[in-house]
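S.K.: Supplied in structure tokens, the structure appears directly below.
The values are calculated or read from the model by the stated rules, or taken from the named source; none is laboratory data. From a predicted model like this one, the values you see are computed outputs, not experimental measurements. Glycine gets a Cβ as well: all are built from the backbone with ideal geometry, and neighbour counts include every protein chain shown.
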Amino acid sequence: MDVLLIHPPAAKPAEAPLGVAVLLAHLRGQGVATEAVDANLEAYLHLLDPERLRTAAGDQPSTALRRALRHAAKSLELLRSAEGARSSARYATAVEHLNRALGLWRGEGGAERLTLGDYQHGGCSEFDPVALERLARGGLATIFDDYFRQRLLPRVAQLGPRLVGLSVNYRHQVVPAFALAGLLRREFPALEVIGGGGMFSSWKGPLLERGHGFSCFSRIVFGPGELSLERLARGAGGGSYFLEDGARVGLLPDYGFAPLGDYLSPRATLQLSASRGCYWRRCQFCPEASAPTHPYSSAPAEAFPDLLLELAARYRVRHFHLTDNAVPLGVLRALARRAGDLGGLNWHGFVRFEPALLEQPLVDGLAAAGCRLLQLGLESGSQAVLDRLGKGIRLEAAARILGNLRRAGIASYVYIMLGTPGESEADAEQTLRFLEAHAGEIDFLNLAIMNLPRESGLLAEPQAAGIRHSAGLGAAGDLGLYRSFEPSGGWGRAEARRFLKQRLLGSPAIREIVNRTPPLFTSNHAWFFPPDEK
């Protein structure tokens, strides 16, 4: 076999990974013998094995833990069945049981913490290259090592690939991925181990500045990766350690590797994207505006509904998660036009507050085409803040769009970000008033405090953006994605955090919305609980 693709832990085990599925489709389409493994799902199920849990719990587990272990198997069954979406209370209890069971896995000295939503290793920062190198060389253990050695490495030996690609897209995958890469290099010295995915692409600048990578990776690929992996599989990668691909979209992903019934989701859901990158690219707080991870590219809009239909037929699924930064408007219109063909399908994804969504017929068409939930980044209820951030949103239009979605039966998942440079308490109060005024039209809320990306466009003119000072990223070679900053005024992250906890969450109307959010799985599962069933 030429290539083995691995999706390492730890990410939410709710859906099969799109990145691996796209790579698999491309490589197989080019005649490259390729297999794929969702090691994230397998690792979770390995750690949730009843016998392993009982052994880890010992002789005297607490009452709450004993209850969780007793119900763990049934909780898994519930989250994998339509029953999980019929009662938010039973769903939340099942998630709580499984999360408590995962809490048994703490690693050496209790340094690790795994939930259904994230993973942390207290002894190794995912942004510290020195710590990652130590981890890769075997100087630190992880709670995933047992799964790697017992199940994954024997499979690698059996398949005998010449090249293994690790797709690392989330920060919670970094530490396990480096541990796995180190194990692979020690067990199979002749094996090429390639690092790629969104996290490596986000590190492009600092890695190139360092001029070298990591001992556990033979190469590192920035960007989508299809062409680079194909060249490497054919022995044509050249001498460069760092490789880069341009954007490619429109390929039907290959989910043949994924046991769809094993994912923790009330209904099997496939990921699909119509685009890579961001078509707006003007939000000043977002690195996509100044240093995009991927140049923007989109599949032909009219072909996208057929991709949904082909995936639905091939894998017998009816639910889709559109993973675009923002689904292009042309794709939305194409979906609405094909509503008659898409009956019975269901989908959700991110969109912008586009003026086109003021058109009730378009929104109604999206609902008829299977749209069940839209995620929308509002960020603030202050027009001054929105203008300073370059969001391109008018609050009056946003309010009308939320109303249009509600009338069409499409749930809204709205994202708010406090603590942006230049924001004042008066701005935050306007956000509070907007949310309260439109609480009846908002189904789910994500309330967050801003992290300033290292590539943010706000750093081009910091004083004008409301930044007195921005701190560096630490020692040379630090891989951190964000900068700390001091605001020009007296309102900063600490004040914003207090406002969020005391004022926003102190509002009964806002608290009610926040409490609807499915624990840990959040937007991945929110659309299974539609507005008329809350």
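S.K.: Being in contact with a strand residue (DSSP E or B) (Cβ under 7 Å, 6 or more places away or on another chain) and charged (D, E, K, R) is the requirement here; does E379 meet it?
M.R.: Yes.
S.K.: OK, next. Give the residue that is surrounded by the most Cβ atoms within 10 Å (Cβ to Cβ), with candidates limited to residues of the range 96-136 that are touching a helix residue (DSSP H, G or I) at 6+ places or on another chain (Cβ under 6 Å) and assigned to a loop (DSSP other than H, G, I, E, B).
M.R.: Filtering the range 96-136 for residues that are touching a helix residue (DSSP H, G or I) at 6+ places or on another chain (Cβ under 6 Å) and assigned to a loop (DSSP other than H, G, I, E, B), the one surrounded by the most Cβ atoms within 10 Å (Cβ to Cβ) comes out as E126.
S.K.: Moving on. Taking the range 424-441 as the region of interest, how many residues are surrounded by 18 or more Cβ atoms within 10 Å (Cβ to Cβ) and in contact with a Lys or Arg (Cβ under 9 Å, 6 or more places away or on another chain)?
M.R.: Number of matching residues: 3.
S.K.: Only one of L104, L132 is in the same structural domain as G213 (by TED's automatic domain parsing), more than 17 Å from L41 (Cα to Cα) and at pLDDT 95 or above. Can you tell me which?
M.R.: L132
S.K.: Of all residues in the range 324-366, count the ones that are of a type in the set (F, W, Y) and surrounded by fewer than 20 Cβ atoms within 10 Å (Cβ to Cβ).
M.R.: Residues in the range 324-366 being of a type in the set (F, W, Y) and surrounded by fewer than 20 Cβ atoms within 10 Å (Cβ to Cβ): 1 in total.
S.K.: Residues in the range 109-118: is at least one touching a strand residue (DSSP E or B) at 6+ places or on another chain (Cβ under 9 Å) and among the basic types (K, R)?
M.R.: Yes, because at least one residue in the range 109-118 is touching a strand residue (DSSP E or B) at 6+ places or on another chain (Cβ under 9 Å) and among the basic types (K, R).
One line per residue, one yes/no per condition, for (1) of a type outside the set (K, R); (2) under 25 Å from G117 (Cα atoms):
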| position | (1), (2) |
| --- | --- |
| V174 | yes, yes |
| V193 | yes, no |
| R231 | no, no |
| G237 | yes, no |
| L252 | yes, no |
| A268 | yes, yes |
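S.K.: Is it fair to say L152 is assigned by TED's automatic domain parsing to the domain that holds N40, in a loop (DSSP other than H, G, I, E, B) and touching a strand residue (DSSP E or B) at 6+ places or on another chain (Cβ under 8 Å)?
M.R.: So L152 does not fit the description; no.
S.K.: So which helices (runs of 4 or more DSSP H) are wholly in the range 483-529 and hold at least 1 residues that are modelled with pLDDT of 95 or more and surrounded by fewer than 17 Cβ atoms within 10 Å (Cβ to Cβ)?
M.R.: 493-499, 508-515
S.K.: Looking at the range 15-33, which of its residues are crowded, with 21+ Cβ neighbours inside 10 Å and of a type in the set (A, V, I, L, M)?
M.R.: Matches in the range 15-33: A16, V20, A21, V22, L23, L24, L27.
S.K.: Before we move on, is R407 at pLDDT below 95 and not hydrophobic (A, V, I, L, M, F, W, C)?
M.R.: Criteria not met by R407.
S.K.: Another question about this same structure. Say whether the condition of being surrounded by 21 or more Cβ atoms within 10 Å (Cβ to Cβ) and among the aromatic types (F, W, Y) is met by at least one residue in the range 303-323.
M.R.: For the range 303-323, residues surrounded by 21 or more Cβ atoms within 10 Å (Cβ to Cβ) and among the aromatic types (F, W, Y): present.
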